[in-house]
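Asks: Would you mind keeping the following structure in view while I ask a few things?
Every read-out reported here was derived from the displayed coordinates using simple, explicitly stated rules and does not represent laboratory data. Just so you know, these numbers come straight off a predicted model, no measurement behind them. Cβ sites come from the backbone with ideal geometry, for glycine too, and all protein chains shown count toward neighbours.
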Amino acid sequence: MINIMKGTKDLLPQESYKWAKIEEEIRAVTRLFNIRKIATPTFEHTELFLRGVGDTTDIVNKEMYTFEDKGGRSVTLKPEGTAGVARSYIENSLSALPQPLKMYYETPVFRYERPQAGRLREHHQFGVEIYGADTPEQDVEVMLIAKTLFDRLGITGLELRINSIGCPECRKEYNRALKEYFASREEELCPTCRERLDKNPLRILDCKEEKCAAIAEGAPSVLSYLCDGCRKHHERVKDLLIMSEIPFEEDDKIVRGLDYYTKTVFEFVAGNIGAKATVCGGGRYNNLIEQIGGKPCPAVGFGMGIERLVLTMTAVGASFGEEPSPDVFIANIGASDDAFKLTAQLRNAGIAAECDVMGRSLKSQMKLSDKLGSKFTVVIGEEEIEKGVVKVKNMKTGEENETAIESLADYLSQKKA
């Protein structure tokens, strides 16, 4: 027997309705905010992630699935969604469209990391990317998009945590302060963070090693090093959140795990789904387009894992709705052709119908109807065909009513309504 690979998971038929609920609400929310779908390939040139995500991040250093294809090119399965959208924005001249351009994606992402609750080596992300607006209002609208989805899904108890990590100018001074602080405790840092000390000390704040995280607690606050422009932007973000009556907590240790972030960063955090309780993370990345070869363009967005949404909804007792079931099951007594034909007619009329296709006995057909959760059951045989009528049994109440075969679709439609 060949087993599933570690860090991956099958989406089973009996669980798929939960994903369908989330996907349905994603469609509703993106319509509300006028966000259009974009889809990018599952794999890209490795250089895109080296330049975009950053060669000092854990993703690039430890987690990417990278291989050489038959043409000798270095190819990487996408470890996150934003870099691919940025590449597409440049390559397809999307700046010519009305700005801000609002896009969303649903995509598999691949990271070679330790599997944990809601985070697999292949998992699926819903993300929003908005290009062209460099305003606090756009930052807060992005947070509102995420919050609206959580509200529609019935996810309660999340905490919004925000920070600003400044722009490249004010971060120079902050990086110097971080380097000085961490250099005094260099021997206590993990080997990876010792390398980061010279290249990008900001990444040490994102290290998951307990020892490094404890040292990082005493590091200087980025908020003390913001330039006037970044400080005003951050204060306006907070004012808009207060105005929008969205509770938040300022957390100066949030830096996110990707190098492209600037100014606003944020996370929605839950405390009841195990390790790494971040349900959604995002922020502003004004320099990403330029980093990968385009003209400067401000951008902001977020990503959230579908698997983690399922876990969070389960943890808070949110409803996924009813598991789909047939409206009616057509059982037959020696009239399989007639049952098959009637089932097709009902489907054409918009009725979710099922019938037996395996030659079961009537008793077995009735058991199957019950297992499928059919709302109604109809039995058709020679007697029913001769009379032109069938009895329709309500499987929930046990009530039976007679109706003409030719008007069965209308009868069931009325009952559905």
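Asks: With springs only between Cα atoms under 10 Å, which of P298, P326, P100 fluctuates most in a Gaussian network model of the chain?
Replies: P326
Asks: In addition: Would you count, across region 328-409, every pair of lysines whose alpha carbons are under 14 angstrom apart, provided the pair is eight or more residues apart or spans two chains?
Replies: Taking the Cα cut-off of 14 Å, the pair count is 7.
Asks: Moving on. From the residues V316, P115, L240, which one has its Cα farthest along the dipole of the chain in the positive direction, the dipole being from +1 and -1 charges on Cβ of Lys/Arg and Asp/Glu about the Cα centre?
Replies: Working it through, the farthest residue towards the positive pole turns out to be P115.
Asks: Where the only charges are on Cβ atoms (+1 Lys, Arg; -1 Asp, Glu), what is the dipole of region 315-417 about its Cα centre, to the nearest 20 debye?
Replies: Approximately 360 debye in magnitude.
Asks: Further, regarding this structure: Need one number: % antiparallel among DSSP beta bridges in the chain, to the nearest 5.
Replies: On the way: 49 of 62 bridges.
Around 80 percent antiparallel, to the nearest 5.
Asks: Please compare each pair in K263/K295; K9/K416; K62/K238 to a cut-off of 26 Å on the Cα-Cα distance and tell me which ones are over it.
Replies: K9/K416; K62/K238
Asks: While we're here: Based on other C-beta atoms within 10 Å, arrange R196, R284, R176 from fewest to most.
Replies: Ranking R196, R284, R176 by Cβ neighbours within 10 Å, fewest first, gives R176, R196, R284.
Asks: Taking the Cβ of each residue in M395, M358 as the centre, tally the other Cβ atoms inside 10 Å and list the residues starting with the fewest. Could the numbers behind the result be given before it?
Replies: Working: M395 18, M358 8.
With the fewest neighbours first, M395, M358 line up as M358, M395.
Asks: Please rank I405, I254, I155, I330, fewest neighbouring Cβ atoms within 10 Å first, as an exposure proxy.
Replies: The order, fewest Cβ neighbours first, is I405, I155, I254, I330.
Asks: Antiparallel as a % of all DSSP beta bridges within region 328-409, to the nearest 5?
Replies: Given both bridge residues lie in region 328-409, the antiparallel proportion sits at roughly 45 percent.
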